[in-house]
Structures are given as C-alpha cells and as structure tokens.
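Engineer: Below is the structure I would like to discuss, written out as structure tokens.
The values are calculated or read from the model by the stated rules, or taken from the named source; none is laboratory data. Keep in mind that this is a model prediction, so the values were computed, not measured. All Cβ positions, even for glycine, are placed from backbone atoms using ideal geometry, and neighbour counts span all protein chains on display.
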Amino acid sequence: MGLVVGLARDKYLPLVNRDSGSKTYPIWLLINPKYPTVLNNIWRHVLDEIQDKVYREIHSRIDTKDIYVRSAVCDCGIVPNTLNWWGSEVALEIKLFREILLEYNPKLLVTFGGFPYEFVRRVFESKPQKGPKYWSVDIIRDEFENSINNFEVNKTNVIPLLRKVNSSNRLVETSDSYSRNETEYYFHFVGTKISEMLIKNKDSLSIWLK
C-alpha cells in the first residue's frame with residue numbers, strides 16, 4: 001500500500017491506492033487526495049506525541065500497522081473548490097463512505113483540513129453545510145477541542161486536525177503566523193489531548209501492541 005501511518009521519520013511514500021490498512025481497525029485517517037503529505041507532515045508528528053505520552057502513562061504503544069487510511073474522494077479532480085463546490089461525484093462518494101462507516105463503526109476518524117472535515121459532516125448530515133472558506137484555523141481548533149470533550153467510545157468520533165503547517169510557520173488554512181515553538185506546541189497539544197482520551201478509554205479500544 002502507498003500510505004505511511006507509522007513512526008519512521010525518514011520514509012514517505014506517495015498516495016498510490018485509494019486506501020490502506022484495515023477497515024476493522026478502530027482508528028481511521030481521512031485525507032484530501034491533493035495532499036497525501038499530511039501523513040508525513042502532520043500525522044507522524046501527532047502520533048509521536050501520542051506514543052510518547054501513552055508509553056509514559058501506561059507503558060504501552062498503539063499498534064499502527066493496521067490504521068485505516070482513506071482518500072475522501074477517488075479523484076483529485078472532483079475535490080471541491082470555490083468554483084466547483086460539491087458536485088454530484090462528491091455526493092456519491094459521501095454515500096459510499098456513509099455505508100462503510102455504518103458497517104465498520106471506527107472509534108476515531110481523524111480528518112486533515114477543511115475539505116475532509118466538511119466531507120465527514122455531510123456524511124453525518126450535520127447542518128448547516130459549510131462553504132470552502134469557512135474552516136479557518138481557529139474554527140478547526142475549536143472543533144477539535146469539542147470532539148475531544150464529547151468523546152464517546154461507543155460511537156464514531158470525528159477528530160479534525162489542520163491540513164498543513166509550512167516550514168515558514170504559516171498555517172495554510174488562514175494567514176495567521178505561528179512561530180516554530182507554536183508549531184511544535186500544536187503537535188504537542190493535539191497529541192496530548194488525543195492520548196489522554198485514548199488512555200481514559202484504554203480498556204475499550206483494541207489498538208494496543210501486545
């Protein structure tokens with residue numbers, strides 16, 4: 001499979017297949033097919049923070065080999081933009097993903113950036129529907145904190161993360177500038193919050209290395 005979900009810092013494989021991993025695994029990652037680098041640029045940093053805290057707290061680690069990674073849509077050309085907002089092809093993808101979610105019921109569904117998050121909102125038929133400019137850094141941050149605070153282990157919990165933090169320390173979703181320390185803080189903050197939630201529900205999640 002062509003997706004990286006583990007810890008190796010010096011390896012990255014581009015998106016080749018529609019998905020990888022196991023649908024039966026409790027953790028899913030949903031990406032924009034235009035930006036598969038989120039796996040290397042965002043997820044691996046967050047995962048490092050999660051694994052560090054999990055090990056320190058409960059002396060265990062998350063088994064990452066079966067994490068399910070999926071492209072929200074099968075073709076970069078149908079990703080919505082300001083001129084082509086949510087065509088019929090995306091509606092079909094939403095229907096397909098809704099069927100898969102209902103069948104497998106993952107516990108964590110991590111999204112990266114505005115499009116995958118809005119895609120999932122429409123999968124769950126959340127209202128009101130939002131446009132392409134709505135999902136700013138501040139709003140995604142607030143949605144993340146709400147998702148952690150309202151986590152329920154018996155349902156699918158959507159965990160929205162930012163799509164990218166540039167080397168220039170500028171977050172893509174807005175023009176807000178972040179220093180290097182603030183960028184590192186973001187990874188530490190979200191990684192810590194996710195790990196605390198996983199540890200709290202550790203006995204109900206089949207995600208641990210044996």
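Engineer: Look at ILE42 and say whether it is under 12 Å from the mean Cα position of the chain (by Cα) and either buried (at least 20 other Cβ atoms within 10 Å of the Cβ) or not in a helix (DSSP H, G or I) (or both).
Structural biologist: So ILE42 fits the description; yes.
Engineer: Also, I was wondering about something else. Give me a count of the residues in segment 80-106 that are within 20 Å of the chain's Cα centre (by Cα) and either under 17 Å from LEU29 (Cα atoms) or free of Cβ contacts under 8 Å to residues at least 12 places away in the same chain (or both).
Structural biologist: Counting residues in segment 80-106 that are within 20 Å of the chain's Cα centre (by Cα) and either under 17 Å from LEU29 (Cα atoms) or free of Cβ contacts under 8 Å to residues at least 12 places away in the same chain (or both) gives 14.
Engineer: If I ask for residues that are surrounded by fewer than 24 Cβ atoms within 10 Å (Cβ to Cβ) and not aliphatic (A, V, I, L, M), which ones from segment 100-112 would you list?
Structural biologist: Passing the criteria: GLU103, TYR104, ASN105, PRO106, LYS107.
Engineer: Let me ask you something else. I'm checking my understanding of the structure. Among residues of segment 50-72 that are farther than 22 Å from THR156 by Cα and touching a helix residue (DSSP H, G or I) at 6+ places or on another chain (Cβ under 7 Å), which one is surrounded by the most Cβ atoms within 10 Å (Cβ to Cβ)?
Structural biologist: Filtering first and then ranking leaves LYS53.
Engineer: Same structure, new question: Kindly indicate whether any position in segment 151-167 is among the acidic types (Asp, Glu), out of contact with any strand residue (DSSP E or B) (no Cβ under 6 Å at 6 or more places or on another chain) and assigned to a helix (DSSP H, G or I).
Structural biologist: No.
Engineer: I'd like the full set of residues that are touching a residue at least 40 places away in the same chain (Cβ under 8 Å) and either of a type in the set (Ser, Thr, Tyr) or surrounded by fewer than 21 Cβ atoms within 10 Å (Cβ to Cβ) (or both), limited to segment 113-128.
Structural biologist: TYR117
Engineer: Name the single residue, out of those in segment 13-35 being in contact with a Lys or Arg (Cβ under 6 Å, 6 or more places away or on another chain) and modelled with pLDDT of 95 or more, that is surrounded by the most Cβ atoms within 10 Å (Cβ to Cβ).
Structural biologist: Filtering first and then ranking leaves LEU30.
Engineer: In addition: Suppose the filter is among the aliphatic types (A, V, I, L, M) and part of a helix (DSSP H, G or I); does ILE140 pass it?
Structural biologist: Against the criterion (among the aliphatic types (A, V, I, L, M) and part of a helix (DSSP H, G or I)), ILE140 qualifies.
Engineer: Looking at (1) among the acidic types (Asp, Glu); (2) surrounded by 22 or more Cβ atoms within 10 Å (Cβ to Cβ); (3) over 28 Å from TYR185 (Cα atoms), which is the one condition that is false for ASP75?
Structural biologist: Answer for ASP75: the failing condition is (2).
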